[in-house]
Amino acid sequence: MTPMNQFLLVYRKLLSFHGPQGWWPIVNQRSFSGEYHVGAPRGEADFFEISIGAILTQNVAWKNVDAALCRLKRDGLLDPDSLLSVRADRLARLIRSTGYYNEKAKKIKNFLAWYRGHMANYAAISAMDTHALRQELLSVNGIGPETADSILLYALNRPVFVVDAYTKRIFARFGILSGGESYSEIQELFHKHVRPSVGKYNEYHALIVAHGKDFCKKRPSCEQCCIADLCIKRIA
Ligand code: SF4
């Protein structure tokens, strides 16, 4: 079996088992809870909310991010002007549930400064070339490859695969990765073997997160795993 077949086979099996994940969730204006399957990003507001969520979600479970985003939206702060006017220490308190909140508040402020540097012009940012945009996002202090690519894929509909700790763990256990590959080496593998598609990259990353969270955990639940037949590290 070629690596290409394995990448696609894993995708199909994960999709068949877990079903469509509907990422990225957006906070509902009325119920103030994260809502899936809303077809985001629908414009600047979604772009901004998803970008802030991508910054907040590093090293923490999504439910904690959801709580912070709901709070920001309920307080009328989940837009560039409002967040710019909030002091960093107050912002840190508001996003406390996401952990590393002082650092994350600074990262949000850095992202806002970058956005303001583009005249907060969503249309102009949307029209930028993907490579140039990625380089710019990576130049923002505190935004690394995973966050930049999450913004590109989920907030701006660019066909860029997002690599995270679950991707590394699952595909290393599979034997496709040795475990020592860099972020960009892993991303290149996905770009090479899974034809660029916003929809497929969106779904694949979300499925990997779902599977890593519920099955391929630090102590994996191999007996219930839908891709165990392909995995060299399965625990019988
Ligand atoms: S069989 Fe076990 S180690 Fe392999 S992918 Fe599934 S849960 Fe992870």
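The values are calculated or read from the model by the stated rules, or taken from the named source; none is laboratory data. Values in this document were obtained by computation on a predicted structure and should not be read as measured data. Glycine gets a Cβ as well: all are built from the backbone with ideal geometry, and neighbour counts include every protein chain shown. What goes into the accessible areas is simple: the full protein's heavy atoms, side chains included, and nothing from ligands, DNA or RNA. Shrake-Rupley method; radii C 1.70, N 1.55, O 1.52, S 1.80 Å.
For region 218-232, the residues whose backbone nitrogen is under 15 Å from a point 7 Å from the Cα of residue 16, taken along Cα to Cβ, are 225-231. Full extension of the segment from residue 88 to residue 131, taken as 0.36 nm per residue of separation minus the current Cα-Cα distance, would add 12.4 nm. Each residue, residue 124 and residue 31, gets one label point 7 Å from its Cα in the Cβ direction; the gap between the two is 3.8 nm.
Distance in nm between label sites at residue 226 and residue 61, each 7 Å beyond Cα in the beta-carbon direction? Each label point lies 7 Å from its Cα, and together they span 2.1 nm. For region 42-155, the spherically averaged projection of the C-alpha convex hull amounts to 6.3 nm². Accessible surface of region 42-155, 1.4 Å probe: 49 percent of it comes from carbon and sulfur atoms.
Between residue 184 and residue 102, the simple spin-label model (points 7 angstrom out along Cα→Cβ) gives 3.3 nm.
Since only 123, 105, 83 are under comparison, the one whose Cα sits farthest along the positive direction of the charge dipole of region 79-129, derived from C-beta charges on Lys, Arg, Asp and Glu, is 105.
Looking at region 132-236, which trypsin sites (Lys or Arg not before Pro) are in a loop (DSSP not H, G, I, E or B) and have at most 16 other Cβ atoms within 10 Å?
217, 218, 233, 234
The Cα center of region 130-160 and the Cα center of region 210-229 differ in position by 29 Å.
Computed over the chain with a Gaussian network model linking Cα atoms closer than 10 Å, the most mobile of 34, 76, 99 is 76.
Accessible surface for the chain, divided over its residues, is 49 Å² per residue with a 1.4 Å probe.
Note on residue 116/residue 157: beta-carbon distance plugged into 1/(1 + (r/R0)^6) with R0 of 22 Å gives a FRET efficiency of 0.45.
For the pairs 63/109; 106/217; 63/192, flag any whose C-alpha to C-alpha distance is greater than 26 Å. From 63/109; 106/217; 63/192, over 26 Å: 106/217; 63/192.
The Kirkwood radius of the chain, taken over pairs of alpha-carbon atoms, gives through the Stokes-Einstein law at 4 °C and 1.567 mPa s a diffusion coefficient of 70 µm² s⁻¹.
Dividing the helix sum by the residues of the chain, where each DSSP H run of 4 or more adds -39500 (n - 2.57), gives a mean residue ellipticity at 222 nm of -17000 deg cm²/dmol.
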